[in-house]
Amino acid sequence: MEYGPLAWLIAGLLLMGLEVIVPGFVLFWFGAGALLTALLAFLTLLTSVFSQALFFSISSLAFLTTWHFYLRRFFKSRVVDETRDPTLFNKRGRVTRRIEPNRSGEVELYDNFHGIKIWSAESSQVLEEGEEVMAVEANGIKLVVRRP
């Protein structure tokens with residue numbers, strides 16, 4: 001099977017390239033498995049289609065498992081949680097609807113932020129209407145606030 005290594009090489013590069021489009025960092029590891037399969041097929045260590053497919057499956061799952069359970073933790077601290085927006089830190093406003101722990105309320109900021117002045121808000125404190133608050137961060141589309 002003379003086109004085996006070339007097919008695995010193309011498949012590996014395509015899978016790794018698709019990782020740019022498809023989020024999750026999963027296809028990359030299948031691409032790595034395909035590239036390793038291409039190398040071993042080129043070196044004639046894997047000659048049958050069955051052995052190549054079996055090695056591809058096992059190596060891809062081994063790469064993915066190693067990433068998921070071991071390597072990912074080393075990169076996790078560098079990944080930004082996009083649901084938390086630190087640019088709102090210290091923005092001030094007033095409570096317009098009471099806020100309780102585990103129960104959202106509403107806050108009107110003194111200044112617009114991204115064109116929005118009224119925000120849904122949450123807090124670990126009980127905050128009454130009219131109280132001045134300060135934003136600590138954004139949790140998705142809600143402000144996390146506290147007393148200044």
Practice prompt. Note down the nm distance, to one decimal, between modelled labels 7 Å out along Cα→Cβ at ASN102 and at ARG147.
Written response: 2.2 nm
Discussion item. Need one number: nm distance between label points at VAL49 and MET134, each 7 Å from Cα along Cα→Cβ, rounded to one decimal.
Written reply: 6.8 nm
Worksheet item: Just one of (1) 23, 17, 15; (2) 35, 20, 12; (3) 55, 14, 10 is semi-axes √(5λ) of the Cα gyration tensor in Å as worked out from the coordinates here. Which one is it?
Response: (3)
Worksheet entry | Residue-averaged 222 nm ellipticity for the chain, from DSSP H runs of 4+ at -39500 (n - 2.57), nearest 500 | -11500 deg cm²/dmol
Discussion item. What's the ranking of 43-51, 106-114 by average number of surrounding C-beta atoms within 10 Å, highest first?
Written reply: 106-114, 43-51
Worksheet item: Hey, can you rank 19-28, 92-101 by average C-beta count inside 10 Å, highest first?
Response: 92-101, 19-28
Response to the item:
Longest principal axis of the chain (C-alpha) makes with the long axis of helix 49-66 (C-alpha) an angle, in degrees to the nearest 10, of 30 degrees
Item to complete: Work through the residues other than ARG94 whose Cβ is under 9 Å from its Cβ and net out their charges, Lys, Arg +1 and Asp, Glu -1.
Response: -3
Discussion item. Taking θ = phi - 60°, what integer Hz values does the Karplus form 6.51 cos²θ - 1.76 cosθ + 1.60 yield along region 90-97, in sequence order, with x for Gly and Pro?
Written reply: 6, 5, 10, x, 10, 6, 10, 9
Practice prompt. Report the relative contact order of the chain, percent, no decimals, based on alpha-carbon pairs under 8 angstrom and at least 6 residues apart.
Written response: 16 percent
Practice prompt. Place a +1 charge on the Cβ of each Lys and Arg in region 86-146 and a -1 charge on the Cβ of each Asp and Glu, then give the dipole magnitude about the Cα centre in debye, rounded to the nearest 20.
Written response: 120 debye
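Only the coordinates and a few stated rules stand behind these numbers; no lab work does. Just so you know, these numbers come straight off a predicted model, no measurement behind them. Please note: Cβ atoms are built from the backbone with ideal geometry, for glycine as well, and neighbour counts cover all protein chains shown.
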